[in-house]
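No value in this document is a laboratory result; all are computed from the given coordinates. This structure is a prediction, so every number in the text was calculated from the model and none was measured. Neighbour counts are summed over all protein chains in view; Cβ atoms, including those assigned to glycine, are modelled from backbone coordinates with ideal geometry.
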Amino acid sequence: MMKSTPSALLDALSAALGAEGVLTGAAVRERAASWIDPTPLEALAVVRPRTTTEVATVLRLCHAARQPVVVRGGATNLVQGTRTSASDLVLSLERMTEVTAIDPVNQTMTVQAGAALQAVQETAARHGLFFPLDLAARGSATIGGCIAMNAGGVRVLRYGMMRELTLGLEVALPDGVVLSSLNAMLKNNAGYDLKHLFIGSEGTLGVVTQAVLRLFPMPQAWFTALLAVASFSQVTALLSLLQHLLGASLTSFEVMWNDYYRLTTTPPALSKPPLRQDFTYYVLVEAIGGDDKLDRQRFEEVLERAARNGLFEDAVLARTTQQRADLWRIREDSEQIERQYHPSFGFDVSLPLSAMEAYVARVRLGIEQRFGREARCWIYGHLGDGNLHINLWAPSLQPEDVDAAAQLVYAPLSAFGGSISAEHGIGLEKKKYLPLSRSPQEIQVMQRLKRAFDPHNILNPGRVFDLDAEDDR
């Protein structure tokens, strides 16, 4: 089939979605490229469907016209997954935000993909339930985006990633076919579990329009502490002890290296240092419980045992909800890096806990040798699940240095059995480095899946990997 003209496609989309459903011209440029890039959005148009049927219509028309489509949720993606050009059509799910069902008995929620993560959390809480996925962009990150990226966040240690929290999906495929499998059961081995093809696929195989999410009973109490630790061997021993003694009640084990803690507890950052700023590591520990008095006593007894074992040097415990929020703000205030140091480069990697100390030492040495002794390297992460975030800045740093910086961070990972992406995905930014973490055979299978689902390569084209030109037809 021959491609239709852009004007003919836009006319057809307007007829299907209504005038408010298709934005062009100045209405497109009024939008920012992303949450971190305030430059005007470039796109042929922004289409805003309200239903799965309308999403399917958009994709069917674009499939016939061979029109590239970039899916957009909260635009909080960190690997240029939502970057567009003037010839791309943006498919925004901003008008698909409804919670369509909540089932307190089976502890599930059915929600449209454009709903913000925070809205889902708050809706669950009003029913005495808990949706455990949490990350700093909770106010703008959407459920569809979280599914597409297989988001992780700060409670993976206890609840797993988005893959473990998604029971069923409704997906519009690139040709407009709707795959509706809004399964609400934990166990369903009736053939292939197709939802896993779309979770973490970065929107390259289909557009998630609705999801059935797994909920949990709302914890009755939260116990949070910030610990100062002198050595990495203490960090790993501390994690092991807490896992053994707290078991499933341990939800978070976040570690900040000294430079990061100093940054987020020194003006202009809003947080004041609750512990001295001269320790090597700072560990934010959180656990949940069903009885505030008994479980708090248990939490504190476990910390006392860790102190007797010499596993930390100093500690502060949150006694109020505000104190808990204050401790978490120290960990989550990573925007200080971009505000105070620009340009800076951020990386998201994972590797075995036993390899982290040696890996970090190698990365720091490489950064100093390449960018000078004045270079800064802020490291923090979800250490309980092996995820590190590494941010780099140097006085001489230029945007064109990003590849040299990436090589310093990514190249050592193979020797340590690590991955170039723990939770941020690949997008456009990391695809040239994908062979460092995936074999040629794995990438070939991914490409086969892409060709099978999207033979014209219209949906989020160029994300994760490239297809040969002969396949883009």
Computed on Cα atoms, the radius of gyration and Dmax of region 344-424 in angstrom are 11.9, 34
Measuring from the longest principal axis of the C-alpha atoms of the chain, the long axis of helix 6-17 (C-alpha) lies at a number of degrees, nearest 10, equal to 70
Computed for the chain: size of charge dipole around the Cα centre, +1 on C-beta of each Lys and Arg, -1 on C-beta of each Asp and Glu, debye to nearest 20, value 260
Under the helix-only model (-39500 (n - 2.57) for each DSSP H run of 4 or more, divided by the residues of the chain), the mean residue ellipticity at 222 nm, to 500 deg cm²/dmol, is -9500 deg cm²/dmol
Sorted largest first, the Cα spans of region 221-332 on the principal axes come out in Å as 39, 31, 19
Square roots of five times the C-alpha gyration tensor eigenvalues of region 99-217, ordered largest first and given in whole Å, equal 21, 16, 14
A chain fully extended from W35 to R276 at 0.36 nm per residue, minus the present Cα-Cα distance, gains in nm 83.4 nm
Sorted by chain and then number, the residues having a modelled amide H within less than 5 Å of the amide H of A101, at least 5 places away or on another chain, are T110
Inter-part gap, Cα centre of region 325-342 to Cα centre of region 172-201, in whole angstrom, is 37
When the charge dipole of region 377-433 is computed with +1 on Lys and Arg Cβ and -1 on Asp and Glu Cβ about the Cα centre, the Cα farthest towards its positive end, among L408, G418, L383, belongs to G418
extent check for region 6-92: Cα max minus min per principal axis, descending, whole Å, gives 33, 24, 23
Projected onto the charge dipole of the chain (unit charges on the beta-carbon of Lys, Arg, Asp and Glu, signs +1, +1, -1, -1), the Cα from A325, A119, M185 with the largest positive-side position is that of M185
Given the candidates S240, F465, L275, the one whose Cα lies deepest towards the positive end of the charge dipole of the chain, counting +1 at each Lys or Arg C-beta and -1 at each Asp or Glu C-beta, is S240
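Would you work out the charge dipole size for region 99-217 about its Cα centre, treating the Cβ of every Lys and Arg as +1 and the Cβ of every Asp and Glu as -1, and quote it to the nearest 20 debye?
320
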S140 and Q447 label points (each 7 Å along its Cα→Cβ direction) are spaced in nm at 3.5
A correct fewest-to-most ranking of H456, H127 by other Cβ atoms within 10 Å would be H127, H456
